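Peer 1: Take this structure first; my questions come after.
No value in this document is a laboratory result; all are computed from the given coordinates. Please read all numbers here as calculations on a predicted model, not as lab measurements. Reconstructed Cβ throughout: ideal geometry from the backbone, glycine too, with neighbour counts over all protein chains shown.
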Amino acid sequence: MTVQAPTSTFRPAQRIGAIGVSEILKIGAVAQRLKREGRPVIVLGAGEPDFDTPDHAKDAAVRAIRAGQTKYTILDGTVELKAAIAEKFRRENDLVYAADEITAGAGAKQVIHNAFMASLSPGDEVILAAPYWTSYADMVRIADGTPVDVPCREENGFRLDAADLERAITPKTRWLLLNSPSNPTGAAYSAAQLRPILDVLKRHPHVWLMADDIYEHLIYDGMPFVTAAALEPSLKSRTLTVNGVSKAYAMTGWRVGYGGGPRELIAAMAVVQSQSTTNPSSVSQAAAIAALTGPQDVLIERRAAFQRRRDIVVDALNAIDGVTCRLPEGAFYTYASCAGLIGRRTPDGTLIDSDAAFCRFLLEGHDVAVVPGSCFGLAPYFRLSYATSEQNLREAVMRIAKACRELS
Ligand code: PMP
């Protein structure tokens with residue numbers, strides 16, 4: 001037997017040891033392969049609006065390039081961008097932040113990453129309301145923290161229960177991360193629903209709050225959006241309010257996110273960013289200023305389109321035997337239960353023993369890609385992104401219904 005020479009001496013860092021490639025990416029890879037084979041796959045996995053960036057934002061970017069705004073900027077956002085963000089917080093959220101209480105990074109994701117890197121030491125805990133955006137737990141781990149999941153039951157509208165939160169708090173808890181409206185469930189908190197959670201935090205002054213408001217503008221049926229630091233001003237001095245232009249203005253590729261919070265935290269976050277990416281793209285910052293300060297009617301039009309799509313999907317899913325779907329208040333996802341299908345078999349005899357098995361059957365047998373709830377920490381469910389055309393959605397839900405009829 002010959003001993004093979006090692007082809008690489010690469011050794012991954014300990015801190016990424018527990019972090020795998022996400023199941024979502026794996027499903028995406030299978031969907032892409034099937035597409036290449038010529039199958040008419042409808043992918044309902046996207047975490048981004050299908051609409052285009054508004055023209056006035058694109059034009060501002062072109063003008064910025066022509067005007068030579070192509071150099072490094074102030075590390076965590078230009079003076080003009082910070083002013084636009086401050087004005088946005090004041091206008092839309094009733095929150096007043098000074099320039100040194102505002103930070104901008106390459107997407108809300110970088111802002112969250114900066115905050116964890118700036119505040120977590122080994123052993124520090126971050127409470128996550130499950131199911132949650134898959135990245136949260138790994139972002140905590142990369143910063144040497146420990147994610148602590150608190151399950152949010154469907155009976156409670158997939159919202160965090162205040163008593164469950166209180167039980168999860170330990171002396172090591174540094175943050176509660178709350179995302180409303182939520183990826184993946186679409187659940188949003190009204191003021192009355194948020195209040196008991198903030199009351200718990202008031203009793204535990206060592207716990208900070210990260211409010212991920214990225215889906216703020218995608219909230220339906222006239223429900224008012226509420227953010228924690230505005231509802232409970234006494235918590236503002238330990239809250240980071242995170243937002244960005246990705247979802248509201250269909251600007252995912254531009255990579256601009258921002259946060260408002262206490263200046264000590266904001267300064268520490270700038271240190272992290274200074275040694276990783278430096279400033280977000282100068283051109284993207286110009287586009288973000290235009291999006292935040294320009295006409296806002298696009299938000300209303302798109303919200304109406306998303307609400308129509310949501311209703312189409314929720315009605316169709318609830319008509320399927322074995323599937324039930326709660327009406328989400330916001331974002332562009334439905335989180336439907338497939339509990340009624342578990343234990344059934346496909347025509348070739350394969351047992352549907354999990355939401356992942358169901359999603360595999362949908363993809364491989366019926367050309368629809370959705371994401372199993374197990375990826376987000378609450379099973380058996382599947383997440384469907386309705387950030388695509390009504391025509392695509394109608395076809396997709398027909399395929400899902402047909403797939404379910406085949407199970408026995
Ligand atoms: N938070 C949540 C809940 C998200 O779903 C996403 C994007 N999928 C982000 C933050 C990050 O958005 P971005 O970095 O594009 O601003």
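Peer 1: Sequence gap at least 6, Cα distance under 8 Å: using those rules, report the relative contact order of the range 120-163 to the nearest whole percent.
Peer 2: RCO, the range 120-163: 42 percent.
Peer 1: In units of 2.2 N^0.38 Å, what is the alpha-carbon radius of gyration of the range 71-293? Numbers along the way, then the final one.
Peer 2: On the way: Rg = 16.3 Å, N = 223, 2.2 N^0.38 = 17.2 Å.
Relative to the rule-of-thumb radius for its length, the range 71-293 sits at 0.95.
Peer 1: Another question, if that's okay. What does the helix-only formula give at 222 nm for the chain: each DSSP H stretch with n ≥ 4 adding -39500 (n - 2.57), the total divided by the residues, and the result rounded to the nearest 500 deg cm²/dmol? All intermediate terms of the calculation are to be shown ahead of the outcome.
Peer 2: Details: 13 runs with 159 residues, N = 408.
For the chain, the value works out to -12000 deg cm²/dmol.
Peer 1: Project the alpha carbons of the range 129-234 onto their principal axes and report the range along each, largest first, in whole Å.
Peer 2: Result for the range 129-234: principal-axis Cα extents of 39, 29, 25 Å.
Peer 1: Pairs to check: Lys82/Lys202; Lys58/Lys109; Lys82/Lys109; Lys247/Lys402; Lys26/Lys247; Lys109/Lys247. Give those whose C-alpha atoms are more than 20 Å from each other in this structure. Could the numbers behind the result be given before it?
Peer 2: Details: Lys82/Lys202 29 Å; Lys58/Lys109 22 Å; Lys82/Lys109 18 Å; Lys247/Lys402 32 Å; Lys26/Lys247 23 Å; Lys109/Lys247 12 Å.
Exceeds cut-off: Lys82/Lys202; Lys58/Lys109; Lys247/Lys402; Lys26/Lys247.
Peer 1: What's the ranking of 316-322, 112-118 by average number of surrounding C-beta atoms within 10 Å, highest first?
Peer 2: Order by mean packing, descending: 112-118, 316-322.
Peer 1: In addition: Any chance you could run the full-extension gain for Ala13 through Lys58? It's 0.36 nm times the residue separation minus the Cα-Cα distance, nm to one decimal.
Peer 2: 12.3 nm
Peer 1: Is the shape of the chain best called rounded, prolate or oblate, per the rule: a/c under 1.5 gives rounded, else a/b larger than b/c gives prolate, else oblate, with a ≥ b ≥ c the square roots of the Cα gyration tensor eigenvalues?
Peer 2: Note, shape of the chain comes out rounded.
Peer 1: Do any chymotrypsin sites (Phe, Trp or Tyr not before Pro) in the range 58-113 lie in a DSSP loop with no more than 12 other beta carbon atoms within 10 Å, and if so, which?
Peer 2: Tyr72
Peer 1: Now for a separate question. So what's the angle, to the nearest 10 degrees on a 0 to 90 scale, between helix 297-318 and the longest Cα principal axis of the chain?
Peer 2: That helix lies at roughly 30 degrees to the long axis.
Peer 1: Please get the size of the charge dipole for the range 101-161, origin at its Cα centre, with Cβ charges of +1 on Lys and Arg and -1 on Asp and Glu, quoted in debye to the nearest 20.
Peer 2: Computed about the Cα centre, the dipole is about 180 debye.
Peer 1: Normalised by the empirical 2.2 N^0.38 Å for globular proteins, what value does the Cα Rg of the range 336-375 take?
Peer 2: Output field value: 1.05.
Peer 1: On C-alpha positions alone, give me the angle between the axis of helix 55-66 and the longest principal axis of the chain, in degrees, nearest 10.
Peer 2: It is inclined by approximately 50 degrees.
Peer 1: Taking 8 Å as the Cα distance limit and 6 or more residues as the minimum spacing, I'd like the relative contact order of the chain as a percentage.
Peer 2: Dividing the mean separation by the residue count of the chain yields 22 percent.
Peer 1: So how strong a dipole does the range 275-375 carry about its Cα centre when Lys and Arg Cβ are +1 and Asp and Glu Cβ are -1, to the nearest 20 debye?
Peer 2: 180 debye
Peer 1: Here's something else I'd like to know. Against the longest alpha carbon principal axis of the chain, how many degrees, from 0 to 90 and to the nearest 10, is the axis of helix 191-202 turned?
Peer 2: 60 degrees
Peer 1: Are there trypsin sites (Lys or Arg not before Pro) in the range 38-86 that DSSP marks as loop and that have at most 13 other Cβ atoms within 10 Å, and which are they?
Peer 2: Lys71
Peer 1: Sort Ser274, Ser408, Ser182 by Cβ crowding within 10 Å, fewest neighbours at the top. Could the numbers behind the result be given before it?
Peer 2: Numbers: Ser274 13, Ser408 7, Ser182 28.
Final ranking by Cβ density, sparse to dense: Ser408, Ser274, Ser182.
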